[in-house]
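Here is the structure we will look at, set down as structure tokens.
Bear in mind that the values in this text are calculations on the coordinates, not laboratory data. Bear in mind the structure is a predicted one, so any value in this text is a computation, not a measurement. So basically every Cβ, Gly included, is an ideal-geometry build from the backbone, and we count neighbours across all protein chains shown.
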Amino acid sequence: MLYRENGQFKTSYRSDQQVFPILQDRIAVAVFLALAAVAVPWLASEYLLRAVLIPFLILSLAALGLNILVGYCGQISLGTGAFMAVGAYAAYNLIVRVPGMPLIVALLLGGVFATLIGVLFGIPSLRIRGLYLAVATLAAQFFIDWAFLRIKWLTNDSSSGSVSVAGLKVLGFAIETPAQKYLFCLAFLAVFAVLAKNLVRGHLGREWMAIRDMDVAAEVIGIRPVYAKLTAFAVSSFIVGVAGALWGFVHLGSWEPAAFNIDRSFQLLFMIIIGGLGSIMGSFFGAAFIVALPIILDNLPVWFDIPIDTALASHLTFMIFGSLIVFFLIVEPHGLARLWSIGKEKLRLWPFPH
């Protein structure tokens, strides 16, 4: 009976429309952020930070961007990995070619370049939809993979397309240890999550959802499909581009175009399907699930002394991913986020059945 809103009266429209209208939610989020920012860097091991938490934060940010396009606007995209690559390589070129370029500015400008490419490949969405749009964004994936492999100027004349960065600094402070990199990614994710949440709750988010539900009816009531779809592509590509730059600079350190291939695009699509389409929280759930599941499956035979070949464990991971996607599409299309919201609704009514 702790999760109740008795006595929490709303005396203004502003208080009624706040992101977390229930006091317990606000306290829980504040405590969670405090633990994530203070306790985790001190208590987590280097392996946990490098292999789990940093990838989780960056992939959550990428899934957040993709969810805006697919979940909120209903525009299917299979080129997310390509937009991540644009953000990573654009930020790399800015660092290499512009003396004294600040790291944060380079990361954000990498997102701007990804926005330009995303809008360019989003133009076909004005005339096509569904599977045809997915094929158009898939073309972006193949084209950008080819560009970073063949156009040497984009990779600073690297023959293999691989590049590397080192000595990351923000305002003179070095970002070297896993804890520092974790906090850096956490700050980006927190800022973009707040911005995305407010965007989808505003008039722009309502336009995206109207286009998603029925674009013809949305146009009849005065919503411009061109503006709504292209802004969804722009916002999504910007966030994904920043996530790609973080993935290359902070997590990998050195990378090649294969780091952002079509497998990455499908991985992000799986995240938002399992986590929940059209849900900010679903992006976090999906990223946590996708990051943690392979690690659990790899360690499960060790925990229970079951002799399983490495190749078999890898195949089992893909089989479980596919099974879960089919399960969520049939049983709960809104994913883990919907199960979370149902649990909260029941907790607000407990112990009463109505």
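Some notes on this structure:
- Oblate is the label for segment 36-112, because a/c, from the alpha-carbon gyration tensor with a ≥ b ≥ c as root eigenvalues, is 1.5 or above and a/b does not exceed b/c.
- FRET efficiency for MET214 and ILE325, using Cβ-Cβ distance with R0 set to 35 Å, rounded to 0.05: 0.85
- Modelled spin-label separation between ASP25 and LYS344, with each label point placed 7 Å from Cα along the Cα-to-Cβ direction: 0.4 nm.
- Kirkwood Rh and Cα Rg combined as Rg over Rh, evaluated for the chain: 0.98
- If the segment from TYR3 to ALA313 were pulled out straight at 0.36 nm per residue, it would be longer than the present Cα-Cα gap by 107.5 nm.
- Inter-probe distance in nm under a simple model that places probes 7 Å from Cα toward Cβ, at VAL170 and PHE304: 4.1 nm
- Listed peptides 261-268, 192-199 by packing density, highest first (mean Cβ within 10 Å): 261-268, 192-199
- Cα gyration tensor shape of segment 201-354, rounded if a/c is under 1.5, else prolate or oblate by comparing a/b with b/c: oblate
- Amide H contacts of VAL170 (H built 1.01 Å from N, under 5 Å, at least 5 apart or other chain): ILE175
- The mean of 1/r over all distinct Cα pairs in segment 1-61, once inverted, gives the Kirkwood hydrodynamic radius of 14.3 Å.
- All Cα pairs of segment 103-159, percent lying beyond 14 Å: 66 percent
- Summed residue charge, Cβ within 15 Å of LEU230's Cβ, Lys/Arg positive, Asp/Glu negative: +2
- Cross-link pairs LYS197/LYS229; LYS181/LYS344; LYS197/LYS344; LYS152/LYS229 - those with Cα-Cα distance over 23 Å: LYS181/LYS344; LYS152/LYS229
- Rounded to the nearest 0.05, the FRET efficiency derived from the C-beta distance between SER160 and ILE262 at R0 = 25 Å is 0.85.
- Put a plus charge on the Cβ of each Lys and Arg, a minus charge on the Cβ of each Asp and Glu, and nothing anywhere else: the dipole of segment 2-68 about its Cα centre is then about 100 debye.
- Segment 112-215 shape via C-alpha gyration tensor axes, a/c threshold 1.5: oblate
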